[in-house]
2 protein chains.
Amino acid sequence: MNAEDLILISVDDHLVEPPNMFEGRLPARFADLAPKVLHREDGSDVWTFNGSIIPNVGLNAVAGRPKEEYGVEPTAFDEMRPGCYDIHERVKDMSAGGVLGSMCFPSFPGFAARLFAAADDKDLALSVVQAYNDWHIDEWCGAYPGRFIPMALPVLWDPELAAAEVHRVAAKGCHSLTFTENPAALGYPSFHDAHWDPLWNALVDTDTVMSIHLGSSGRLTLTAPDAPMDVLITLQPMNICQAAADLLWSRVIKDFPDIKIALSEGGTGWIPYFLERIDRTYDMHHLWTGQNFGDKLPSEVFREHFLTCFIEDPVGVELRHKIGIDNIAWECDYPHSDSSWPWPGEELLKSAAGVPDEDINKMSYENACRWYSFDPFAHRSKEQSTVGALRAEVAGRDVETRSFDKGRFEIKHDGISLGEMTSKATA
Amino acid sequence: MNAEDLILISVDDHLVEPPNMFEGRLPARFADLAPKVLHREDGSDVWTFNGSIIPNVGLNAVAGRPKEEYGVEPTAFDEMRPGCYDIHERVKDMSAGGVLGSMCFPSFPGFAARLFAAADDKDLALSVVQAYNDWHIDEWCGAYPGRFIPMALPVLWDPELAAAEVHRVAAKGCHSLTFTENPAALGYPSFHDAHWDPLWNALVDTDTVMSIHLGSSGRLTLTAPDAPMDVLITLQPMNICQAAADLLWSRVIKDFPDIKIALSEGGTGWIPYFLERIDRTYDMHHLWTGQNFGDKLPSEVFREHFLTCFIEDPVGVELRHKIGIDNIAWECDYPHSDSSWPWPGEELLKSAAGVPDEDINKMSYENACRWYSFDPFAHRSKEQSTVGALRAEVAGRDVETRSFDKGRFEIKHDGISLGEMTSKATA
């Protein structure tokens, strides 16, 4: 297959929330309390809510920058490529990269909307979550039907309200919920507690996928305070194996046999080892730990519930049949620094030399459509959906890298500051 | 290859320290302060040192038990298979399993001898570390030349003394040091600090491998307090990727180009993914993080420094050339619950169907000999060293499982209590 002939749907991208997103979306009594963007004297833009200041408007929104500046966190909207926050520019960037569809995780609220859940006034918190979801579904995704897989924020503090919100957004066509990889790490009951059952029921009833993004536990893999950033970057994807193990051995899988979970940005190359490990753990230990999957192996149960995702992962693609060819979806990760944009099709094919077209199609878009109940071809033909066709629509668009001011910057991850660093490229 | 024709050297087993090990090995002024075994009223045996009580004489010493009882931690010597602590019984068990050679990690002091390092009297602590090392090298390994790869405990609290001890034991033929996977997690300077340079110099000067066992950071992968044990068991091996990343990106590798590190009990199946991940991290990020491996890729640097180890790991064996066929060593993990004993050869071949003999030999013993400067064939011929030949020497030995009392037990890991549980098999 040629890159031009690929159809690409990304199950993990990120949006930077634009300043006006809450306008007119909250009850009048909450208008003054809505999250707001402030432009500060130092030139940076920050979101504020509930007394918190979120210093970086975009976390790692480096698309279109030279690699020397990847660590240089943009701190203002005018330092970012507009495709980060402007839906019209985003769609043009997608087309320029040949990307048909995209699912966009949130930025300033945190992957599991912890920022909103922290508000003391839970009526306000609920209004903000619902306003965000309506904006995301109606305005961001709704502007270009067939180009976005809608995704909702959770009501993290109340499983009954969370369930109601899943039902509410499902009625608007949203079948993805971004959630934390470990609620216990955020101070809530763990995956092993019946506390969450109303939410699991709602997910199953609405065929909604729980999309768990790496880093969403609020726990980072920090080996030592003085460890280089490369350690963290290396370990983040594999770290999601903790969520996979936690859920696989939990009662959630057993009591909610139709629940579906995506391990977003978790990579795939480690999955075959993981599946062997869970089968061996079961064989060696289930007689005393009491685990019981009936006549199935844990690896079979895994394939019934988990979608795995990769940006560029040659060994995962090579071992796709050990993972499950129906359990792998490609992702672009725009505008983060691990993204393959603006050449995602070409990068994907580097990992997939010699792979039959049938398998490539499953990974590049068919699995994403099926898992997320997404049908882009109701809006455009497959012929109009290829990398080549989409690029032709925006022929001449500039996707080259450009430079911004460099210097000291703050490294953040899902709202947690990792401290200040100096860009080595300029120091 | 038939199982009978294999030669097996295990780079990760465990010994349970026998009560008399310190007798006559400490200066007279420390005789009363030496670690001692107490037999308690409840029938359990405990080690005591420096005011600490180590409640389980053997951590997970379940060899020879039915799987239903794997969680039932033995609490007394008479509940354990004697091969755990008696060198003569151990060698017979090794031969009965067809295992030629073995490297034995410590039990009650912790993998990095944290227990000894905690003593306020550092002269006492040093005497105990040295007494332990002399016992291990001279008495445990020395009783059967050519059957054991000797391994020393570190002097954890002083890099200069640690270096001196590495030189001292190297002069006795010991080229393996058990160490922690993360000194920062134990309250010491991290791998990124020059603090440890005297030790690294000593390791390089004496061609000693730093053997890092999973769990040796004192940090367990606990997702939630109510998570099932299966989660921890699943995640422990892969968790060592943190040490691999921490060291790979550290100055240790760059400033000490001859240093060698073993990732003991870490498994191998995830390594191909890990190598792709570090190469991609380097490609995408080194321009701003400042990493510099000259004209090499991180994966090439990894192969120069790291030995990976597996018990049973089919995908790792299949991908052995992506890992590095010279970087893989087999292990038995006797007497822990993940061990393939008493049928390790048969288990190994299950993972290695269709693998050429040359590759099997590298993994099953040749790499272990080369990395650890170990030459068993100075003591017996290769013909006398095979699984079949060794088993013939102890023909008729009982290796069947036998049962002990079941009930409540304490789960511990490297000296850390994980709380009390009830064996599900009997509850």
- prompt: Do the conditions hold for A:Glu346, that is, is it in contact with a helix residue (DSSP H, G or I) (Cβ under 7 Å, 6 or more places away or on another chain), open to solvent by 40 Å² or more (accessible area, probe 1.4 Å) and in contact (Cβ under 8 Å) with a residue 60 or more places away in the chain?
  reply: yes
- request: Evaluate the following for B:Asp279: is it among the charged types (D, E, K, R), within 14 Å of another protein chain (Cβ to nearest Cβ) and open to solvent by less than 20 Å² (accessible area, probe 1.4 Å)?
  value: no
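Restricting attention to the stretch A:37-63, which residues are within 17 Å of A:Asp121 (Cα to Cα) and surrounded by fewer than 17 Cβ atoms within 10 Å (Cβ to Cβ)? So that I can check it myself, show each step before the final result.
Step one: list which residues in the stretch A:37-63 are within 17 Å of A:Asp121 (Cα to Cα), which gives A:48-52.
Scanning the stretch A:37-63 gives A:Thr48, A:Asn50, A:Gly51, A:Ser52.
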task: Mind listing whichever residues of the stretch A:282-336 are away from chain B (no Cβ under 14 Å) and open to solvent by 50 Å² or more (accessible area, probe 1.4 Å)?
output: A:Gly294, A:Asp295, A:Lys296, A:Glu300, A:Arg303, A:Glu304, A:Asp326
query: Which of the residues that make up the stretch B:352-399 are among the polar types (S, T, N, Q) and open to solvent by 10 Å² or more (accessible area, probe 1.4 Å)?
result: B:Asn361, B:Ser373, B:Ser381, B:Gln384, B:Thr386
message: Taking the criterion of being closer than 18 Å to B:Val301 by Cβ and either within 9 Å of chain A (Cβ to nearest Cβ) or at pLDDT 95 or above (or both), would at least one residue in the stretch B:212-234 satisfy it?
response: yes
- prompt: Restricted to the stretch A:235-257, and to residues that are within 8 Å of chain B (Cβ to nearest Cβ) and among the small types (Gly, Ala, Ser), which residue is surrounded by the fewest Cβ atoms within 10 Å (Cβ to Cβ)?
  reply: A:Ser250
query: Among the residues of the stretch A:62-77 satisfying the criterion of being assigned to a helix (DSSP H, G or I) and at pLDDT below 75, which is farthest from the other protein chains (Cβ to nearest Cβ)?
result: A:Glu69
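The values are calculated or read from the model by the stated rules, or taken from the named source; none is laboratory data. The structure presented is a predicted model; accordingly, all values stated were derived computationally and were not measured. Here Cβ is always computed from backbone atoms with ideal geometry, including for glycine, and neighbour counts include all displayed protein chains. With ligands, DNA and RNA removed, areas are computed over all heavy atoms of the protein, side chains included. Shrake-Rupley method; radii C 1.70, N 1.55, O 1.52, S 1.80 Å.
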